[in-house]
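The values are calculated or read from the model by the stated rules, or taken from the named source; none is laboratory data. Given the structure is predicted, the values throughout are model-derived calculations rather than measurements. Ideal geometry is used to build each Cβ from the backbone, glycine not excepted, and the neighbour counts take in all protein chains shown.
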Amino acid sequence: MATLKETLAKKIPVWRDEIAALVKEHGDKEISKVTLKQVYGGMRGVRGLVCDTSSVSADTGLVIRDVPCKDLPGRTAEEVLWLLLCGEYPDKASHDTLKAELQKRNKVPGYVWDVLAAMPKDSHPMCMFNTAILCMQKESEFVKAYNAGVKKTEYWESTLEDCLNLLAKLPAIGAGVYRMRFNKGPRVPSDPKLDWGADYGHMLGLNDPTGTLKELTRLYMVLHSDHESGNVSAFSGATVASALSDLYYALSAGLNGLAGPLHGLANQECLAWILETMKKFNGVPTEKQLEDYAWETLNAGKVVPGYGHAVLRVTDPRYTAFLEFGKKHIPEDPVFKTVARVFDVVPKVLKQIEKISNPWPNVDAGSGSLLYHYGLTEFPYYTVLFSVSRAMGICSQTVLARAMGYPITRPKSSTTAWLKKTVSA
Ligand code: CMX
């Protein structure tokens, strides 16, 4: 048995030496080139970042360290957090120590609830959640250590403290936002018997006699936890953290990016789209009706939410994991049936549009129907669930960036005039 900090303390010096030797020996070798199209195209495919917690390839999807996405269901968030940070799963005793450590730190300061209560009643749940994180900034252990003059090689230790303090509180904050924003009554206290992901499901306070909702929130927390570092939320979080802003600032920044409809907000839009089709066609639509509705959406200049991806060129394995969950637990649910039918129809439609690089579903296409079934029907809330989970990845990446002593992020930009001159030279 070892604690998370003890395990990292052994691994970090080895990783540092490995990276230092790599850069010393091969520092000037070219690993990627950049075309003009990529510069104007959101830097797709430009290899300019390092991320060791996870990788995403076009044909495989998410791999956390060495573990492919398909092997993640059944794991707890504690196991996955350990995996993200240390590159391996914890043994049982270490896992239980981390679980207890998170429970010890899970009390949310009273002022957070006061701040949230003072916000306009129609605030978006993501704005409430991110405000809660930002207003706790004064708790940062990193800031205290930095102001006390701690050595650069020790920055990661106080950042790990911030990581654990923050992650421990996020399920209670996320559930508290849900209950406050949607008038669900008093907050539900944490159940110390439960793991982090299941406890979140418990604190939402929905009717869950079979425990399946808790099983779903556990799965949800594991599947959304990380997706390498080039996506908007991870990249924004890492950029802010690279200025040595603490994790409260960095995580809040990253999650503000997750709140965009092309990124994490797509899961609320997705369920809205599914429900719209069901309303329009009075129940589960036929394949033909779905095909027509997909064209109607596209012809109106809108995207079909939950489909397409900046990196993936296959069905997102996270979508597949949610689909499997639905097939096992709620195969006859009409909303789930519609989601499954959309999967049979929409890729065929999107394939007909040449500019669309990937016609397949992403992580956001299916999860909403499962949440909806278990009574979580307020879909503007769904991105908060994504955020609680994604915080694991952003926090882990920040701890490791501090540990490796990565510098402030500062790529070079060009003017259009310079680009014109350069390409025509
Ligand atoms: N419906 C309609 N049009 C789509 C589309 C979709 N599902 N997916 C891509 N396109 C369009 C793009 O809008 C773009 O059009 P313009 O050139 O007119 O701007 C064109 O096809 C090319 O895009 P791409 O190279 O296939 O994809 P990008 O890397 O530019 O964008 C993504 C990726 C996810 C933003 C895009 O597929 C999309 O908007 N999907 C719907 C929203 C969604 O599900 N987002 C969640 C992604 C997962 C996450 O990050 O959380």
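Within region 78-87, is even one residue of a type in the set (D, E, K, R), in contact with a His (Cβ under 8 Å, 6 or more places away or on another chain) and under 30 Å from Gly185 (Cβ atoms)?
Yes; the residues of region 78-87 include at least one that is of a type in the set (D, E, K, R), in contact with a His (Cβ under 8 Å, 6 or more places away or on another chain) and under 30 Å from Gly185 (Cβ atoms).
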Inter-residue pairs, beta-carbon under 6 Å, first in contact (Cβ under 8 Å) with a residue 12 or more places away in the chain and in region 42-56, second within 13 Å of the ligand (Cβ to nearest atom) and among the charged types (D, E, K, R), 6+ apart:
Cys51/Glu228; Thr53/Asp226; Ser54/Asp226; Ser54/Glu228; Ser55/Glu228; Val56/Glu228
Taking region 144-159 and keeping only residues that are touching a residue at least 24 places away in the same chain (Cβ under 8 Å), out of contact with any Ser or Thr (no Cβ under 8 Å at 6 or more places or on another chain) and either surrounded by 16 or more Cβ atoms within 10 Å (Cβ to Cβ) or small (Gly, Ala, Ser) (or both), one is left with Tyr155, Trp156, Glu157
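Can you find a residue that is charged (D, E, K, R) and surrounded by 16 or more Cβ atoms within 10 Å (Cβ to Cβ) anywhere in region 405-423? Before you say what the answer is, go through the steps one by one.
Filtering region 405-423 for residues charged (D, E, K, R) gives 410, 412, 420-421.
Applying the additional criterion that residues be surrounded by 16 or more Cβ atoms within 10 Å (Cβ to Cβ) yields none.
Scanning region 405-423, I find no residue that is charged (D, E, K, R) and surrounded by 16 or more Cβ atoms within 10 Å (Cβ to Cβ), so the answer is no.
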Can you name every residue in region 204-230 that is among the polar types (S, T, N, Q) and surrounded by fewer than 22 Cβ atoms within 10 Å (Cβ to Cβ)?
Asn207, Thr210, Thr212
Flag if Gly375 is assigned to a loop (DSSP other than H, G, I, E, B), more than 16 Å from the ligand (Cβ to nearest atom) and either in contact with an Asp or Glu (Cβ under 9 Å, 6 or more places away or on another chain) or at pLDDT below 95 (or both):
yes
Under the condition of being more than 18 Å from Leu370 (Cα to Cα) and of a type in the set (Asp, Glu), which residue from region 238-288 is surrounded by the most Cβ atoms within 10 Å (Cβ to Cβ)?
Asp246
Show the residue pairs meeting these rules: Cβ distance below 9 Å; 6+ apart or different chains; first residue within region 245-273 and closer than 30 Å to Lys144 by Cβ; second residue in a loop (DSSP other than H, G, I, E, B) and within 16 Å of the ligand (Cβ to nearest atom).
Leu255/Gly264; Gly257/Asn231; Gly257/His263; Gly257/Gly264; Leu258/Asn231; Leu258/Gly264; Leu258/Leu265; Ala259/Leu265
Report, by residue number, each residue of region 6-42 that is within 16 Å of the ligand (Cβ to nearest atom), in a loop (DSSP other than H, G, I, E, B) and hydroxyl-bearing (Ser, Thr, Tyr).
Thr35
Within region 319-343, residues being of a type outside the set (Lys, Arg), within 17 Å of Lys214 (Cα to Cα), more than 16 Å from the ligand (Cβ to nearest atom) and outside any loop (DSSP other than H, G, I, E, B) number 4
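Would you call Gly283 at positive phi, within 13 Å of the ligand (Cβ to nearest atom) and touching a residue at least 40 places away in the same chain (Cβ under 8 Å)? Outline the logic, then answer.
Values: at positive phi: yes; within 13 Å of the ligand (Cβ to nearest atom): no; touching a residue at least 40 places away in the same chain (Cβ under 8 Å): yes.
So Gly283 does not fit the description; no.
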Residue among Leu275, Leu251, Leu290, Leu265 that is within 9 Å of the ligand (Cβ to nearest atom) and either closer than 13 Å to Val342 by Cβ or not β-branched (Val, Ile, Thr) (or both):
Leu265
Taking region 57-73 and keeping residues surrounded by fewer than 16 Cβ atoms within 10 Å (Cβ to Cβ) and without any contact (Cβ under 8 Å) to a residue 40 or more places away in the chain leaves Asp66, Asp71
Of (1) of a type in the set (Ser, Thr, Tyr); (2) over 27 Å from Ser389 (Cβ atoms); (3) away from the ligand (no atom under 16 Å from the Cβ), Thr297 fails just (3)
If I filter region 376-384 for residues that are aliphatic (A, V, I, L, M) and crowded, with 19+ Cβ neighbours inside 10 Å, do I get at least one hit?
yes
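Residues in region 344-361: is at least one of a type in the set (Ser, Thr, Tyr) and within 16 Å of the ligand (Cβ to nearest atom)?
yes
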Would you please name the residue that is nearest to Gln103 (Cα to Cα), looking only at residues in region 199-212 that are free of Cβ contacts under 8 Å to residues at least 24 places away in the same chain and small (Gly, Ala, Ser)?
Gly201
Does region 284-307 contain any residue that is under 30 Å from Arg47 (Cβ atoms) and in contact with a strand residue (DSSP E or B) (Cβ under 9 Å, 6 or more places away or on another chain)?
yes
Looking only at region 307-318, decide whether some residue is near the ligand (Cβ under 10 Å from one of its atoms), at pLDDT 95 or above, assigned to a helix (DSSP H, G or I) and more than 22 Å from the chain's Cα centre (by Cα).
no
Please go through region 118-127 and give me each residue that is outside any loop (DSSP other than H, G, I, E, B) and more than 13 Å from Tyr382 (Cα to Cα), ordered by number.
Ala118
Checked against (1) modelled with pLDDT of 95 or more; (2) assigned to a loop (DSSP other than H, G, I, E, B), Leu290 satisfies every condition except (2)
Need the failing condition index for Lys92 against (1) surrounded by fewer than 19 Cβ atoms within 10 Å (Cβ to Cβ); (2) under 23 Å from Pro189 (Cα atoms); (3) not aliphatic (A, V, I, L, M), just the number.
(2)
